[in-house]
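Okay, so here's the structure we're looking at.
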Amino acid sequence: MSAIAPVMNGQAVRMRKPMVNPSLIRAVTAIGAFLILWEVGARSEEWFGFTVPWVGLVPAPTAVLVAWGPLLADPGYWQSWWLSFARVLAGFIAAMIIGIPLGLWIAVSRLFRGMAFPVFEILRPIPPLAWVPASIIFWPTQEMSIAFVTFLGAFYTVVINVVGGAQSIDSRYIQAAKSMGSSGMDIFRRIILPGTLPSIFIGAAVGMGITWEVVVAAEMISGGGSSMGGSGGGLGFFIWNSYVGGSYEQIVVGMISIGIAGYLSSTAIRALGQRFTPWLSSR
Amino acid sequence: MSTANSATIRQPDEQSLSSAAAKGAIRIERVNKVYDPQGAAIQAVDDCSLDIGGGEICMIVGPSGCGKTTLLNAIAGFHSITNGSIFLDGELLCGPDRPRAEPGPDRVVVFQNGALFPWQTNLENIAFGPIMQGALSKAEAFEKARDLMATAGLLGTEDSYPGEVSSGVRRRVEIVRALMNDPKVLLLDEPFRALDSLTKSVMHEALLNIYYQNKVTIFFITHDLEEAIFLGHRVVIMTTRPCRPKKSILVDIPHPRDYSVLTSPRFRELMDETMEVVHEEAVKAFQAGEKEGA
């Protein structure tokens, strides 16, 4: 067997264009294989008489689908989606609105960096969830407490990325802009801001992921009650409620729902990023 | 102070600059630059004097790290000088009372690795200067940019980002971007270093063509002797650190030049002459480096 690619009529066979996008084929194959292994593992007891560890205790995907069907017609389920999305968006947008200017300020002002950065670095290692009790005390409503914790999840990542991005802008760009007659404001608007955009979107994508992690945990902790004046609920509470109610299929439904929600969010951010940083996607 | 230290190297005769522009004469007078990182005073430039005539292409050659770029940065206004003064057309850029020149569009730098803004299209990059200075409206700047791009053979790349075009095109875009500011002086810091030799030879002719259309003074740092002699009215060889002109070689090959010059006997003679001086300094720099390393 020769190592040279097979050649037919003088043309390499590999030149043929595939009929279906190969990355789509790979994705479908991988998800399919995963589902089959899961199904077989979950039904191992009833099919083979022994329980595969871990997977054997999880509801099978078909069972999850059966449980999911009626939920799709249940407004309560969609209410959970909406509540979680609203909290994620509120916290995320607040983190962007506060985090981007703060990060830029830390990056460009040595004085402000000297004052703000130490405080920031002490607060940053505190996990957002450790803020839950304090934020329940701080904020008048449960809704605001959850939004605040969600905000913290994205905030640090956004700030760190903006600071890093703005500081790593090549000094030649600034020198070139100066020698072509740019004012300080011009340099900020035309060099530092666009130069930081890629990092802003990286921070946003990572921050969005953390936001989903945090919102679900915060919803589980705060529960569905309205004793604090909020409406409770959300996908995190949906999972917790299913666990308490003993509906294991619904737990998995909730988990997959969060997976889909997170995927949709990060896809939206990626699309936005490509729109605002066209010079990167065209490479 | 020995006379050799302060020897001013004179500019070439006016005739040898083909219809030289009057503007853009640089006078560097006894400039010193001492870097002082952590108290270890490093003399980068020592009592350097150099006269560059308006419209001259002055090629600066010297060992790596000898302080050529320091000199360029002082002219551009990116770095200060310790003492001495630098004049542009008789006006003081930096001197005793003003250690650092104000960067300005009359002296534009083309950087070694390029500094086109990746987030702007080639056209936006080129139109950047006049818009920033408020010299032209956006529409006027774009029009002028298109005209200049046409003369530099860059039409068709206006709406591409710098990351999407070849390195040769990028370098030309950057030179055109500098010229958009109608500078008196173009400061080029090894602009073609990263290019392969084929692209480089095309770039040399492109640069000369651009130069013939816009006579500006060119202060050009390079390590490539062939490049230095092919382009320059004069080649100034610098000593190893601290940097000071060691020898100035007039290139008496008439402009306009094209690539046939490279095979002419005179070109070879000049190459030999330059090579000898440069080699001497390179050996010194190498030995000095070995001492520092030891």
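Odds and ends about this structure:
- Sorted peptide list for B:164-172, A:103-111, criterion being average Cβ within 10 angstrom, highest first: B:164-172, A:103-111
- Distance between the pseudo-spin-label points of B:Thr151 and B:Glu273 (7 Å out from Cα toward the beta carbon): 3.2 nm.
- Packing-based order for A:145-157, A:58-70, using average beta carbon neighbours within 10 Å, highest first: A:145-157, A:58-70
- A dipole drawn for the protein assembly as shown from +1 and -1 charges on Cβ atoms has a positive end, and of A:Gly245, B:Ile210, B:Ile126 the residue lying farthest that way is A:Gly245.
- Averaging the Cα positions of each part gives two centres, and for segment A:107-130 and segment A:48-94 these lie 37 Å apart.
- Angle between chain B longest axis and helix B:122-133 axis [Cα atoms, degrees, rounded to 10]: 70 degrees
- About the Cα centre, charge dipole magnitude for chain B (Lys/Arg +1, Asp/Glu -1 at Cβ), debye: 320 debye
- Inter-label distance for B:Ala139 and B:His255, nm, one decimal - labels placed 7 Å from Cα along Cα-to-Cβ: 3.6 nm
- Cα shape, segment B:116-182, gyration tensor, a/c 1.5 rule: prolate
- Modelled FRET efficiency - R0 56 Å, B:Val202 with A:Ile93, Cβ distances, 0.05 increments: 0.65
- Candidates per chymotrypsin sites (Phe, Trp or Tyr not before Pro) in segment B:22-93, loop by DSSP, up to 11 other Cβ within 10 Å: none
- Judged by the gyration tensor of its Cα atoms, with axes a ≥ b ≥ c, chain A is oblate; a/c meets the 1.5 cut and b/c is at least as large as a/b.
- Full-extension gain in nm, B:Thr263 to B:Asn209, via 0.36 nm per residue minus C-alpha separation: 17.5 nm
- Our note on the geometry: Cα centres of segment B:53-111 and segment A:162-204, 25 Å apart.
- Counting, for every residue in B:169-175, the Cβ atoms of other protein chains within 10 Å of its Cβ and taking the mean gives 0.
- For chain B, adding -39500 (n - 2.57) for each run of n ≥ 4 DSSP H residues and dividing by the number of residues yields -11500 deg cm²/dmol at 222 nm.
- Greater than 19 Å apart at Cα, pairs in B:Lys23/B:Lys247; B:Lys247/B:Lys284; A:Lys178/B:Lys215: B:Lys23/B:Lys247; A:Lys178/B:Lys215
Throughout, read-outs are computed from the coordinates displayed, never taken from laboratory work. The shown structure was predicted, so the numbers you read here are calculated from the model rather than taken from an experiment. As a convention, Cβ positions derive from the backbone with ideal geometry for all residues, glycine included, and neighbour counts pool all protein chains shown.
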